[in-house]
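S.K.: Next up is a structure, given as structure tokens.
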Amino acid sequence: MAKYTVKTIENKEIWEKFVLGHNPQTFLQSWNWGETNKAIGKKIFRIGIFKNSQIVAVYLVIEEKAKRGPHLVIPGGPILDWEDKKLVRFVVGAIYSLAKEEGAWFVRIRPDVLDSEKAQKLFSELGFVAAPMHLHAENTWVLDITADEEALLRGMRKTTRYLIKKSLKTELVLEETTDLGSSSLLSRLQNETVTRHGFVGFPEELFKAQLKAFGKDNQARMFVCRYKGRALAAAIIIFYGDSAYYHHSGSTSKYSEIPSSYFLQWQIIREAKKRGCKYYNFWGIAPGDNPKHRFAGVTLFKKGFGGQKIDWLHARDLPVSLLYWFTHCFEVFRRVFRRL
């Protein structure tokens, strides 16, 4: 009979070998995502599940001391064989026990499991409920970049291809940096984007923490598109495993006649290809084709480059305390109020 043990993993090499050895890969369970969250003051746990001394599952846990209720989050995880029902139930039990020990009201996870009725049923049977809010990007747009540049251009929407070619004839310059001071530039451009599209932005300290943690391992860069010295668009790209992730970005509405965002994307795709990446992950898009959705514009932009939609299972909550239902009701209200 299988005997599982739970251990904290403190060896980066062991952790990364397991995470990168599984498909799909995700930076949300990487060692450096844990370092990023530690840098902004959050408590983290790197848990490994062993079977007869062999590692069979890992999950990065991040503690959230939110006013709406203390909870744990597991983004992009746990990483394990979801077909192994005994292992899955053991892991869920271990997660529940950790939450109890930490005084959490609930655990929110968004594993890299494709959305399906089978997956929804499995998590329901395990005691999870659909979360009122999302956790990281759940509806994503991914482009296979293994083809040559000409083939990639042919696979794009005609307008996108035209604007990329136009941008290459404009006085645009690409700047690439890991300077932590560049985080203030991204923060400023993000604030402009937030104003235009009406979503909740991210703090500058998170940008800085990502650049520091991932940058040390050559896994992150800030890319800035400039026109005559002025920054028009910027993005933090995370290079992890076989993918490049368009994680955080911002742009100005000035010089709108200059296709700076198209220039930036194309140059990043080129860099990802040089690094040997197989995929370029544009990250989140609107869940449907509603033209009134607040992400409709950015979704149209991303889809223009070609690629395919990948829908991950919507975030699930594992209630640990009856107090969780106060959080649940609050988040439902906030989602409706903010039209999220």
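S.K.: If the requirement is being surrounded by fewer than 20 Cβ atoms within 10 Å (Cβ to Cβ), in contact with an Asp or Glu (Cβ under 8 Å, 6 or more places away or on another chain) and assigned by TED's automatic domain parsing to the domain that holds S97, which of these qualifies: E83, E63, E35?
M.R.: Answer to the check: E63.
Every residue, every condition in (1) free of Cβ contacts under 8 Å to residues at least 24 places away in the same chain; (2) out of contact with any Leu (no Cβ under 7 Å at 6 or more places or on another chain); (3) aliphatic (A, V, I, L, M), yes or no:
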| position | (1), (2), (3) |
| --- | --- |
| L80 | no, no, yes |
| K85 | yes, yes, no |
| G93 | yes, yes, no |
| S97 | yes, yes, no |
| K100 | no, yes, no |
| F106 | no, no, no |
| P111 | no, no, no |
| L126 | no, yes, yes |
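S.K.: Of F223, F123, which residue is outside the structural domain of N281 (by TED's automatic domain parsing) and either closer than 23 Å to G307 by Cα or touching a Lys or Arg at 6+ places or on another chain (Cβ under 7 Å) (or both)?
M.R.: When all the criteria are applied, what remains is F123.
S.K.: On the basis of being hydroxyl-bearing (S, T, Y), surrounded by fewer than 20 Cβ atoms within 10 Å (Cβ to Cβ) and in contact (Cβ under 8 Å) with a residue 24 or more places away in the chain, does T195 make the cut?
M.R.: The answer is no for T195.
S.K.: Could I ask something else about it? Since P132 meets every condition but one in (1) in the same structural domain as D112 (by TED's automatic domain parsing); (2) surrounded by fewer than 19 Cβ atoms within 10 Å (Cβ to Cβ), which condition does it not meet?
M.R.: Unmet for P132, out of (1) in the same structural domain as D112 (by TED's automatic domain parsing); (2) surrounded by fewer than 19 Cβ atoms within 10 Å (Cβ to Cβ): (2).
S.K.: If you scan segment 284-320, which residues turn out to be among the hydroxyl-bearing types (S, T, Y) and either at pLDDT below 85 or in contact with a strand residue (DSSP E or B) (Cβ under 7 Å, 6 or more places away or on another chain) (or both)?
M.R.: Within segment 284-320, no residue meets the criteria.
S.K.: Let me ask something additional. It is to be established whether one or more residues within segment 316-327 are in the same structural domain as E175 (by TED's automatic domain parsing) and surrounded by 19 or more Cβ atoms within 10 Å (Cβ to Cβ).
M.R.: Checked segment 316-327: no residue is in the same structural domain as E175 (by TED's automatic domain parsing) and surrounded by 19 or more Cβ atoms within 10 Å (Cβ to Cβ).
S.K.: Now for a different question. Any residue that is assigned to a helix (DSSP H, G or I), in contact with a helix residue (DSSP H, G or I) (Cβ under 8 Å, 6 or more places away or on another chain) and surrounded by 18 or more Cβ atoms within 10 Å (Cβ to Cβ) - is there at least one of those in segment 271-281?
M.R.: Yes; the residues of segment 271-281 include at least one that is assigned to a helix (DSSP H, G or I), in contact with a helix residue (DSSP H, G or I) (Cβ under 8 Å, 6 or more places away or on another chain) and surrounded by 18 or more Cβ atoms within 10 Å (Cβ to Cβ).
S.K.: Taking interchain pairs and intrachain pairs at least six residues apart, which have beta carbon atoms under 9 angstrom, with the first residue in segment 28-52 and more than 20 Å from E13 (Cβ to Cβ) and the second assigned to a loop (DSSP other than H, G, I, E, B) and of a type in the set (S, T, N, Q)?
M.R.: Here the result reads none, with nothing in segment 28-52 linked to a residue that is assigned to a loop (DSSP other than H, G, I, E, B) and of a type in the set (S, T, N, Q).
S.K.: To continue, here is another question. Which residue is nearest to F326 (Cα to Cα), if the candidates are limited to segment 143-162 and must be crowded, with 19+ Cβ neighbours inside 10 Å and among the hydrophobic types (A, V, I, L, M, F, W, C)?
M.R.: Filtering segment 143-162 for residues that are crowded, with 19+ Cβ neighbours inside 10 Å and among the hydrophobic types (A, V, I, L, M, F, W, C), the one nearest to F326 (Cα to Cα) comes out as L143.
S.K.: Something else now. Just checking, how many residues over segment 84-121 are among the charged types (D, E, K, R) and farther than 19 Å from L72 by Cα?
M.R.: Residues flagged as among the charged types (D, E, K, R) and farther than 19 Å from L72 by Cα within segment 84-121 amount to 7.
S.K.: Residues that are at pLDDT 95 or above and of a type in the set (K, R): which helices (runs of 4 or more DSSP H) entirely in segment 124-233 hold 3 or more of them?
M.R.: Per the criteria, 158-167.
S.K.: In addition: Take the residues in segment 248-263 that are at negative phi and free of Cβ contacts under 8 Å to residues at least 40 places away in the same chain, then tell me which one is surrounded by the most Cβ atoms within 10 Å (Cβ to Cβ).
M.R.: By that ranking, first place goes to K254.
S.K.: Follow-up. Would you check if R226 is touching a Ser or Thr at 6+ places or on another chain (Cβ under 9 Å), in contact (Cβ under 8 Å) with a residue 24 or more places away in the chain, surrounded by fewer than 20 Cβ atoms within 10 Å (Cβ to Cβ) and closer than 18 Å to I268 by Cα?
M.R.: Spelling it out, R226 is indeed touching a Ser or Thr at 6+ places or on another chain (Cβ under 9 Å), in contact (Cβ under 8 Å) with a residue 24 or more places away in the chain, surrounded by fewer than 20 Cβ atoms within 10 Å (Cβ to Cβ) and closer than 18 Å to I268 by Cα.
The values are calculated or read from the model by the stated rules, or taken from the named source; none is laboratory data. Not measured: the values here are computed from a predicted model. Virtual Cβ from ideal backbone geometry, glycine too; neighbours counted across all protein chains shown.
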